[in-house]
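Chemist: Before anything else, here's the structure in question.
Nothing in this text is a laboratory measurement; each read-out follows from the coordinates by a stated rule. Note that the structure is a prediction, hence the values are computed from the model and not measured. Note that we place each Cβ from the backbone using ideal geometry, even for glycine, and neighbour counts take in every protein chain shown.
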Number of protein chains: 2
Amino acid sequence: MSGVIHGVGLGPGAQDLMSVRADRLIRGARHVAYFRKAGRPGQARRIVDGMIDPQAVEIPMEYPVTTEIPLSDPRYNEALSAFYADCTDRLDDLAAQGHDVVILCEGDPFFYGSFMHLHSRLKAPVRVVPGITGMSGAWTASGTPITWGDDVLTVLTATLPEEELTRRIRDTDALVVMKIGRNLAKLRRAVDAAGRQGDAHLVEYATMADQRITPLTQAEDVTAYFSILLIHGKGRRP
Amino acid sequence: MSGVIHGVGLGPGAQDLMSVRADRLIRGARHVAYFRKAGRPGQARRIVDGMIDPQAVEIPMEYPVTTEIPLSDPRYNEALSAFYADCTDRLDDLAAQGHDVVILCEGDPFFYGSFMHLHSRLKAPVRVVPGITGMSGAWTASGTPITWGDDVLTVLTATLPEEELTRRIRDTDALVVMKIGRNLAKLRRAVDAAGRQGDAHLVEYATMADQRITPLTQAEDVTAYFSILLIHGKGRRP
């Protein structure tokens, strides 16, 4: 009997914002895997602090590279591809031995998640538990609804070219931008060029103790990778 | 001491996909309010079946109109505006008497939710608990990630004009369409005109017992209001 690999969404960061199903799976797990940057505890692991059974086997999966090699360098893709294949082998082996494994996924596993690169490779049976996205955490933290009536919502990554960011920011009612990190200066220029600078807010560490919401005009040029930029829709409301 | 109005996201439908925080608030609530169509049990109320304390006071808020008057008729807005104002008065009164109230919200309260029309009117203190969106439920049900790498995700409502739907469907990597209901025939023409008919799937009752995923080319022309159309992104993956 093969074990099952569970890709479990943790939500935006506050421990009690994970689903009841995720909470039960994590507390009951005998094998718990998660991604992290080498030498760091890892954000996913930090979210579940105090929830993992002390007898459980932990399986940290350490990225061989994060920002040291640019995305455009073929070595980046090669290194990550080999890494995901290796992680998949370890997880498939555990499942073949009959072990269930819980993989901790920040936010929602199927929304820009590293887990997707395992999911597409695993031979073992996989079940996915959705989670509250980081962007839901961000707009909740902002205290303002993101979309009303017929509002169009566009979700972009700040890794896109500046001209494309500008064009798409100009052409949407509501906006979410992910993967900001070192791209904040470029993103700011795009928001300015689209004439939306007065509407944009940067949300850092949404739903967590150090949550911070800053108008983009007042934000500094460097921010955490998990920061999210929001422009709220203003659509039809009775 | 004023009570607090809690806008609580229930997630996509399965009871154990609500957050631990939502679960605790709902089980502990003495006053529970929810929207429904007159004469129906209501989808939000159905999701929490068996969770509400039998001693709790239930406050159904019944829409005066749903699809009987077209959105474009000014009487639609007037009827709903008066309705939301009336609900707000009842909730503010309860809070003024010191009662906390839990408002049940399908999906995420700040993402196209009726709760937003109370939130913008309430005088009482309000706290919002985010939820797993219906669209996360839908793409999880589809078994395929929605966005990879630099994929652009566009979220549309099928209530938009056909030409705008076509233009935006042509110009995105990944797509989510909400509020489909009677607009499915128009939406299908827009997807066809954008050349994306082979990529589109209709997800009904995601995460619930009667969950169904149908290629758009095989779907019938009428579907539930809470159906969601998906086109999955195909972006960069190592």
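Chemist: Along the positive direction of the dipole of segment A:135-231 (beta-carbon charges: Lys, Arg +1; Asp, Glu -1; about the Cα centre), which of A:TRP139, A:ALA174, A:PHE226 reaches farthest?
Modeler: Of the options given, the answer is A:PHE226.
Chemist: For segment A:4-146, build the charge dipole from Cβ charges (+1 Lys, Arg; -1 Asp, Glu) around the Cα centre, then report which of A:VAL57, A:CYS87, A:THR67 sits farthest towards its positive end.
Modeler: A:VAL57
Chemist: With a sphere of radius 14 Å drawn around the Cβ of B:SER136, what net charge do the other residues whose Cβ falls strictly inside it have (Lys, Arg +1; Asp, Glu -1)?
Modeler: Surrounding charge for B:SER136 is -3.
Chemist: Assigning unit charges at the beta carbon (Lys, Arg +1; Asp, Glu -1) and nothing else, what dipole magnitude in debye, to the nearest 20, does segment A:135-231 show about its Cα centre?
Modeler: 200 debye
Chemist: If a/c stays under 1.5 just call it rounded; otherwise compare a/b with b/c (prolate if a/b is bigger, oblate if not). Do that for segment B:135-231, with a ≥ b ≥ c from the square roots of the Cα gyration tensor eigenvalues.
Modeler: Details: a/c = 1.69, a/b = 1.11, b/c = 1.53.
Cα axes put segment B:135-231 in the oblate bin.
Chemist: Computed over the Cα atoms of segment B:179-238, what is the ratio Rg over Rh, Rh following Kirkwood?
Modeler: Working: Rg = 12.2 Å, Rh = 12.1 Å.
For segment B:179-238, the value is 1.01.
Chemist: A further question follows. Would you kindly derive the ³J(HN,Hα) couplings of segment A:197-209 from the backbone phi angles with the Karplus curve 6.51 cos²θ - 1.76 cosθ + 1.60 (θ = phi - 60°), listing them in order in whole Hz, with x for Gly and Pro?
Modeler: 4, x, 9, 9, 10, 9, 10, 10, 6, 4, 6, 9, 4
Chemist: Sticking with this one: For A:VAL4, place a label point 7 Å from Cα along the Cα-to-Cβ direction in every copy; what are the distances to the other copies, in nm, shortest first?
Modeler: Counterpart label points of A:VAL4 in the remaining copies fall at 3.5 nm.
Chemist: Would you pull out the residues with amide H under 5 Å of B:MET61's amide H, same chain only if 5 or more places away, H placed 1.01 Å from N?
Modeler: B:TYR34, B:PHE35, B:ARG36
Chemist: After finding the eigenvalues of the alpha carbon gyration tensor for chain B, what semi-axes result from the square roots of 5 times each, listed largest first in whole Å?
Modeler: 34, 21, 16
Chemist: Going 7 Å from Cα along the Cα-Cβ axis for the label, what nanometre distances separate B:LYS37 from the same residue across the other copies?
Modeler: Reported distances to equivalent positions: 5.0 nm.
Chemist: Let me ask another. Using θ = phi - 60° and the Karplus curve 6.51 cos²θ - 1.76 cosθ + 1.60, what whole-Hz ³J(HN,Hα) does each residue of segment B:39-45 get, with Gly and Pro shown as x?
Modeler: So the Karplus estimates, Gly and Pro as x, are x, 10, x, x, 5, 4, 5 Hz.
Chemist: Below 8 Å, C-alpha to C-alpha, sequence gap of six or more: please give me the relative contact order for segment B:5-132 in percent.
Modeler: In percent, rounded to a whole number, it is 43.
Chemist: For the charge dipole of chain A, defined by +1 on Lys and Arg C-beta atoms and -1 on Asp and Glu C-beta atoms about the Cα centroid, which residue among A:ILE213, A:LEU184, A:TYR34 has the Cα displaced farthest towards the positive pole?
Modeler: A:ILE213
Chemist: Follow-up. Gap in Å between the Cα centre of segment B:158-176 and the Cα centre of segment B:211-238?
Modeler: 14 Å
Chemist: Please report the spacing between the Cα centers of segment B:17-80 and segment B:100-114 in Å, no decimals.
Modeler: Their Cα centres are 9 Å away from one another.
Chemist: List the relative contact order of chain A as a percent without decimals, with contacts defined as Cα pairs under 8 Å and 6+ residues apart.
Modeler: Worked out over chain A, it gives 22 percent.
Chemist: Hey, another quick one. Could you work out the pair-distance distribution P(r) of the protein assembly as shown from its alpha-carbon pairs, with 10 angstrom bin width and percents rounded to whole numbers?
Modeler: Going from the shortest bin to the longest, the percentages are 4, 19, 31, 28, 14, 4, 0.
Chemist: Tabulate in residue order the Karplus-calculated ³J(HN,Hα) for segment A:139-149, using 6.51 cos²θ - 1.76 cosθ + 1.60 with θ = phi - 60°, rounded to whole Hz; enter x for Gly and Pro.
Modeler: 6, 5, 4, 6, x, 9, x, 8, 9, 10, x
Chemist: Please list, ordered by chain and number, the residues whose modelled amide H lies under 5 Å from the amide H of B:ILE103; skip anything fewer than 5 residues away on the same chain.
Modeler: Correct list: B:HIS6, B:GLY7, B:VAL8, B:ALA33.
Chemist: Among DSSP bridges having both ends in segment A:135-231, what percentage is antiparallel? Round to the nearest 5. Working shown, then result.
Modeler: Values: 11 of 16 bridges.
That works out to approximately 70 percent antiparallel.
Chemist: Let me ask something else about it. Could you check the spin-label model distance between B:ARG24 and A:GLU78? Points 7 Å from the Cα along Cα→Cβ, value in nm.
Modeler: Modelled inter-label distance: 5.0 nm.
Chemist: Ignoring everything except DSSP H segments at least 4 long, calculate the 222 nm mean residue ellipticity for the protein assembly as shown; use -39,500 (n - 2.57) per segment, divide by total residues, nearest 500.
Modeler: Taken over the protein assembly as shown, the calculation gives -8500 deg cm²/dmol.
Chemist: Can you tally the lysine pairs in the protein assembly as shown where the Cα-Cα distance is under 21 Å and the two residues are eight or more apart, or on different chains?
Modeler: Total qualifying Lys-Lys pairs in the protein assembly as shown comes to 6.
Chemist: Let me spell out the model: positive unit charges on the Cβ of Lys and Arg, negative unit charges on the Cβ of Asp and Glu, origin at the Cα centre of chain B. What dipole size does that give, in debye rounded to 20?
Modeler: So the magnitude is around 300 debye.
Chemist: Out of all DSSP beta bridges with both ends in segment B:5-132, state the antiparallel percent to the nearest 5.
Modeler: Antiparallel: roughly 5 percent of the beta bridges in segment B:5-132.
Chemist: Using a label point 7 angstrom from Cα along Cα-to-C-beta, what distances in nm, from shortest up, separate A:SER81 from the other copies?
Modeler: Label-point distances to the other copies, shortest first: 5.9 nm.
Chemist: Give the residue list of trypsin sites (Lys or Arg not before Pro) in segment B:141-170 that are DSSP loop and have at most 12 other beta-carbon atoms within 10 angstrom.
Modeler: Passing both the DSSP loop test and the Cβ count: no residue.
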